[in-house]
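First comes the structure, then the notes that go with it.
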Amino acid sequence: MEETKKSLNFIEHIIEEDLGKDYSKSDLRFRFPPEPNGYLHIGHASSICLNFGLGLRYNAPVNLRFDDTNPAKEEKEYVDAIKRDVEWLGFQWDKECYASDYFQQLYDWAVLLIKDGKAYVDSQSSEEMAKQKGTPTEPGVESPYRNRTVAENLALFEQMKNGDFEEGIHVLRAKIDMASTNMLMRDPIMYRVIHRAHHRTNTDWCIYPMYDWTHGESDYIEQVSHSLCTLEFLPHRELYDWFLDQLVSKDKLRPKQREFARRNLSHTVVSKRKLLKLVEDGVVSGWDDPRMPTISGMRRRGYPPESIRNFVDTIGIAKRDNVVDVSLLEFHVREHLNKVAPRVMAVLNPLKVVITNYPEGEEEWLKAENNPEDESAGTREVPFSREIYIEQEDFKEEANRKFFRLKLGGEVRLKNGYIIKAESCTKDENGNIVEVQCTYDPKSKSGSGTEESLRKVKGTLHWVSIKHAETAEIRLYDRLFTNETPDANKEKDFMEFVNRDSLQIVTGYLEPSLKNVTIGDQVQFQRLGYFNVDQDSTDEKLIFNRTVGLRDTWAKLKEK
RNA sequence: UGGCCUAUGGUGUAAUUGGUAACACAGCUGAUUUUGGUUCAGUCGUUCAAGGUUCGAGUCCUUGUAGGCCAACCA
């Protein structure tokens, strides 16, 4: 219902227009067509959300189709990873398809094209063919094999299929136009010989179809109505249509390819080659390192799938070059986590505080709200005692009025606890503050309802009772690149922009309720940020990843 | 020096198809707050350029300018 109010993107305009003409609503079908040769990243997420989002909007099926036409690069491992990622994002595909399922049909059609004089076997080296291809400004020249007889072509193609030739000896080419201004129309290769086992068809085939010959025909076989791809495929559209022209039948739906601009995220790279380089050089720990823009990396980082979907929805889709600021993605991550993440207390940079008027050996359990955004989240109890940790940044011997934290002679509220006052501090031989001595007001306990408890003090600090603290490894992540567009610089290699401080590991002191968390759990460490339990965690050692920090207006003030 | 695509605040996207340029993020003010979080209120700022058509142009036309894509037996 709300949907009708939302403005349409240009793809939706195209669909609406088509619905008014030659398509009915039941004709609509989409597809997400990854090549199983690597991990999915944020750019794919955008395409997934676009195609599956359209499916949801029009109540149309969406196929997951693996474009597996190159056994030299593709593996089942990637198929499984891709399926997991799409599911995790929250989408369900209609059919699970593989281009390799259509190899026989594609072959039969290719034979038809040969018989029709529309395709021929070329027997030159790739270098020779490249030379003949011409350049964008000069036409190409025709291959000397271009006018082989149909019988000869048929025989040769059959032999190629049977594995009678080494790789690189012959290819099948479409006979189109060597003078076309579109380089892709200059007799594009349809088949090449590859002697290699395929992850699904094993060694059944010795020839494999090229992308252009496969993609549109697969769309046609699956009766995909709108085949959406990125802008660099725009010149392919002419060829996509040419191939379809050769075999499409009137009574079946004819797919159309339309193109959109890929989404670029600031402070990152997404090309498979570059991501691989980060992995191989050990800049990151793997494809699912929480700093990687891969879907598995973002999952491990703790980005909720809802936030990724909302993000993609917000940035929309268009045809111009773009760089979306990563802070918009972080906004959606926070927006979601704010609603669902339980609040807990953890100290990452501890400074010991002794409450001198609190009885030694005594402890008490204080009631704490789990999530102020969600009453149903309930409460828990946190232990308080004479010695606690606060953050080092939360204490200064002296500071101006703008510092809402603890300073000598000043008061501050301990979250869920008492109001304390800093009386003195001790330093080590280097002048570093190692302990702060405070007094507390026993009547100021949070929630007790006393006049003292209602007293307003400007600052509220999070804290952890030392005696009760659990320790954990905390992995603090920052942006992987210092530059907004690391791969857009022509003089400098993107590796020069790698942020060497993108991972900082510290020991955190946590309130004891955190003892029971399991891998994947997400919490807010109050005043610090959102964290999740990393998969490396064991019973002996807890490990948290910082998903994203809280918005920090104090940090901004300090910069000024 | 060919062909094709694109140009709207700092960023990303809209604009009922020729009729008041708006939404989100970011920024800035302030209020609320037992998270310097959240929330709320306010604020800053936009049609690549020059012509033309029109009562009226972000939208149509012309010419520029800038950016992108195209010469893998990759997808």
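In this structure, the amide hydrogen of A:R258, modeled 1.01 Å from its nitrogen in the peptide plane, lies closer than 5 angstrom to those of A:S227, A:L228, A:C229, counting only residues at least 5 positions away or on a different chain.
If you count, for each residue, the other Cβ atoms within 10 Å and average over each peptide, how do A:209-218, A:66-75 line up from highest to lowest?
Working: A:209-218: 23.2, A:66-75: 19.7.
Averaged packing, sorted descending, gives the order A:209-218, A:66-75.
I'd like the distance separating the alpha-carbon centroids of segment A:296-334 and segment A:174-230, in whole Å. Cα centres, segment A:296-334 to segment A:174-230: 32 Å. Using the Cβ-Cβ distance between A:K402 and A:T485 with R0 set to 51 Å, the FRET efficiency works out to roughly 0.90. Relative to the longest principal axis of the Cα atoms of chain A, helix A:211-222 runs at roughly 80 degrees.
Summarising the strand pairing of chain A, around 70 percent of its internal DSSP beta bridges are antiparallel.
Under a 5 Å amide H cut-off, with hydrogens placed 1.01 Å from N, A:T460 pairs with A:R413 among residues at least 5 apart or on other chains.
Among the trypsin sites (Lys or Arg not before Pro) in segment A:330-428, which ones are in a DSSP loop with at most 16 other Cβ atoms within 10 Å of the Cβ? Mind listing them? Write down the numbers at each step before the final one.
On the way: sites: A:R334, A:K339, A:R343, A:K352, A:K367, A:R380, A:R386, A:K396, A:R401, A:K402, A:R405, A:K407, A:R413, A:K415, A:K421, A:K427; in loops: A:R386, A:R401, A:K402, A:R405, A:K415.
Those that pass, being in a loop and sparsely packed, are A:R401, A:K402.
Give, as ranges by residue number, the residues of segment A:53-87 whose backbone N falls under 11 Å from the point 7 Å along Cα→Cβ of A:K6. Taking a point 7 Å out along Cα→Cβ of A:K6, the residues of segment A:53-87 whose backbone N falls under 11 Å are A:53-58.
Using alpha carbons only, how many angstrom separate the centre of segment A:110-161 from the centre of segment A:386-456? Cα centres, segment A:110-161 to segment A:386-456: 82 Å. In the distance distribution for segment A:472-559, Cα-Cα pairs more than 22 Å apart total 42 percent.
Hand me the GluC sites (Glu not before Pro) from segment A:145-189 located in a DSSP loop with no more than 14 other Cβ atoms within 10 Å, in residue order please. Mind showing how you got there, number by number?
Details: sites: A:E152, A:E158, A:E166, A:E167; in loops: A:E166, A:E167.
Those that pass, being in a loop and sparsely packed, are A:E166, A:E167.
The alpha-carbon atoms of segment A:347-462, seen along their principal axes, cover 49, 35, 29 angstrom, with the largest extent given first.
Hull surface divided by four, with the convex hull built on the Cα atoms of chain A: how many nm²? List each step's numbers first, then the result.
Working: hull surface 132.8 nm².
Computed as one quarter of the Cα hull surface, the answer is 33.2 nm².
To the nearest 10 degrees, how steeply does helix A:10-20 sit against the main Cα axis of chain A, on a 0 to 90 scale? It is inclined by approximately 50 degrees.
Ligands, DNA and RNA are left out, and with a 1.4 angstrom probe the accessible area of segment A:103-210 is 49 Å² per residue. Rounded to the nearest angstrom and listed largest first, the equivalent-ellipsoid semi-axes of segment A:1-107 from its Cα gyration tensor are 28, 18, 11. Which angle between 0 and 90 degrees, to the nearest 10, do you get for helix A:103-115 versus the longest principal axis of chain A when only C-alpha atoms count? Compared with the principal axis, the helix lies near 30 degrees. Lysine pairs in segment A:103-210 whose alpha-carbon atoms fall under 24 angstrom of each other, counting only those eight or more residues apart or on distinct chains, come to 9.
Dipole of segment A:471-559 computed with +1 at Lys/Arg Cβ and -1 at Asp/Glu Cβ about the Cα centre; of A:V517, A:T553, A:L480, farthest Cα towards the positive end is A:T553.
Taking amide H as placed 1.01 Å from N in the peptide plane, A:E435 has its amide H under 5 Å from the amide H of A:T426, each at least 5 places away in sequence or on another chain.
How many Å² of accessible area per residue for segment A:472-559, probe 1.4 Å?
On the way: 4840 Å² over 88 residues.
Result: 55 Å² of accessible area for each residue.
Can you give the calculated 222 nm mean residue ellipticity of chain A, where each DSSP H run of n ≥ 4 adds -39,500 (n - 2.57) and the sum is split over every residue, rounded to the nearest 500 deg cm²/dmol?
Values: 13 runs with 148 residues, N = 560.
Estimated from H runs of four or more residues: -8000 deg cm²/dmol.
With distances taken between every two different alpha-carbon atoms, segment A:118-263 has a Kirkwood hydrodynamic radius of 16.5 Å.
Spin-label model, A:I169/A:L112: points 7 Å from Cα along the beta carbon direction are separated by 3.0 nm. Using a probe radius of 1.4 angstrom, the carbon and sulfur fraction of the accessible surface of chain A is 46%.
If packing is taken as the mean number of other Cβ atoms within 10 Å per residue, what is the order of A:493-500, A:80-87, highest first? Walk me through the intermediate numbers first.
Numbers: A:493-500: 14.8, A:80-87: 17.8.
Highest mean packing first, the order is A:80-87, A:493-500.
Of interest is the spacing of the C-alpha centroids, which for segment A:1-58 and segment A:545-559 amounts to 36 Å. Listed values for segment A:232-247 are Karplus-derived 3J(HN,Hα) couplings in whole Hz (6.51 cos²θ - 1.76 cosθ + 1.60, θ = phi - 60°), namely 5, 8, 4, x, 6, 4, 4, 6, 3, 6, 4, 4, 4, 4, 6, 9, and x replaces Gly and Pro.
Excluding ligands, DNA and RNA, the accessible surface per residue across segment A:228-351 is 42 Å² with a 1.4 Å probe.
Looking at segment A:347-462 alone, DSSP beta bridges between its own residues are antiparallel in about 70 percent of cases.
With a threshold of 19 Å on the Cα-Cα distance, the over-threshold entries among A:K407/A:K456; A:K352/A:K515; A:K402/A:K456; A:K73/A:K256 are A:K352/A:K515; A:K73/A:K256.
Take the Cα of A:L154, step 7 Å toward its Cβ, do the same at A:M183, and the gap between the two points is 3.6 nm. Modelled spin labels at A:L247 and A:K556, positioned 7 Å past Cα toward Cβ, are 5.8 nm from each other.
Using the Cβ-Cβ distance between A:D80 and A:E540 with R0 set to 45 Å, the FRET efficiency from 1/(1 + (r/R0)^6) comes to roughly 0.90.
The values are calculated or read from the model by the stated rules, or taken from the named source; none is laboratory data. For clarity, every value in this text was computed on a predicted model and none was experimentally measured. We place every Cβ from the backbone using ideal geometry, glycine too, and count neighbours over all the protein chains shown. Only protein heavy atoms, including side chains, enter the accessible area calculation; ligands, DNA and RNA are left aside. Shrake-Rupley method; radii C 1.70, N 1.55, O 1.52, S 1.80 Å.
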